[in-house]
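Note sheet for the following structure.
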Number of protein chains: 2
Amino acid sequence: MTEAAAATEVDDCASGTAVRPRPDGQDNYTIGEVVALTGLSAHTLRWYERIGLMSRVDRSHNGQRRYDNDDLRWLEFVGRLRLTGMPVADMVRYAELLREGDHTFAARQELLVRHREDVRRHIADLQATLAVLDFKIELYGGAAR
Amino acid sequence: MTEAAAATEVDDCASGTAVRPRPDGQDNYTIGEVVALTGLSAHTLRWYERIGLMSRVDRSHNGQRRYDNDDLRWLEFVGRLRLTGMPVADMVRYAELLREGDHTFAARQELLVRHREDVRRHIADLQATLAVLDFKIELYGGAAR
DNA sequence: TGCTTGCCTGGAGTGCACTCCAAGTCTCTA
DNA sequence: TAGAGACTTGGAGTGCACTCCAGGCAAGCA
């Protein structure tokens, strides 16, 4: 496997539940379609592009955005990172590393490893709180009876 | 158990790792001590009081805040809710219900139950993302070799 | 031909959760 | 008696992640 091929594979496997309604080749979606598919607003999609969280999206002959399946995959991955609390600045950093090419593999991996640690810690915090919530809810139930 | 007793117990059991360095009776802490104990800033502590997230804190003869163990317990619980992403407005709502008395038991329980659902969903999201991160990190590792 | 719909841009505005500021008070130590 | 340090207040400012606005363009339809 070449590094370039690995990079593609690494960066495309956003998640198992990809939303890619049309096969490669017929995959050019208007911003409105992407809004419907991702739940993001058109404002947010344009903003993501402006701040460099997406590389420049293709345009139609009259300047309108045309997204492809790779864009959807990327948006899905970004959605996951966002859901897990990664700051937008870090996601932009990751996107920049991606554009810089294969020599940034280690930096990208490090960024993801660090984020994974954050996520693990956060899960532990949430579970500890869940126990407290269970206890309080139980007590309220007991007091109400 | 009276409802009042239940309310006290329910609302004091913030967590197992309470930071309460002095026993009840000698428990009056300056804002600086509470900053050191909780990690919150003095600004934030005053702001919490201003918005009603804490009921009015005792004052010394010259108007300075004096926190007690109950305040610390409450701050600890608030910290947990904050960590798990509850909006401040919801925490204020909970604090208001608490001040209104025993007849708000059901409402308080409902609020916590709803939040517990949010937390559970969030844990599931985090775990799904963890799987994606593991996969990508693994691929980067493979590509680097 | 005019109207609607969907899209474009740069820049301003919003909501949240703090965070800081200015000007003042009080207490303690040198 | 002076200075340092910890505290007080209301109100303004900050950073983040959007979110909206004004003004305009292009395509499709009555």
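One table, with the values for the structure above:
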{"read-out": "Coarse-grained scattering of the stretch A:3-144 at q = 0.14, 0.19, 0.22 Å⁻¹, given as base-10 log I(q)/I(0) from a Debye sum over alpha-carbon atoms", "value": "-0.75, -1.18, -1.45"}
{"read-out": "Where a label projected 7 Å from the Cα of A:VAL92 along Cα→Cβ would reach, residues of the stretch A:41-78 with amide N under 13 Å", "value": "A:47-55"}
{"read-out": "Calculated FRET efficiency for the pair B:TRP47/B:GLN26, C-beta based, R₀ 30 Å, to 0.05", "value": "0.65"}
{"read-out": "5 angstrom amide H check on B:ARG66, placed H, neighbours 5+ away", "value": "B:ASP58, B:ARG59, B:SER60"}
{"read-out": "Label point 7 Å beyond Cα along the C-beta direction, distances from A:GLY63 to other copies (nm, shortest first)", "value": "6.0"}
{"read-out": "Förster radius 51 Å - calculated FRET efficiency between A:GLU33 and B:ARG82, Cβ distance, rounded to 0.05", "value": "0.85"}
{"read-out": "Accessible surface buried upon A-B contact (total; probe 1.4 Å; Å², nearest 100)", "value": "4100"}
{"read-out": "Closest approach to the A/B rotation axis among chain A Cβ atoms, residue and whole-Å value", "value": "A:ILE123, 3"}
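The values are calculated or read from the model by the stated rules, or taken from the named source; none is laboratory data. All figures in this text were calculated on a predicted structure; none of them were measured in a lab. Heads up, the Cβs are rebuilt from the backbone with ideal geometry, glycines too, and the neighbour counts pull from every protein chain shown. We work out accessible area using only protein heavy atoms, side chains counted, and drop any ligands, DNA or RNA first. Shrake-Rupley method; radii C 1.70, N 1.55, O 1.52, S 1.80 Å.
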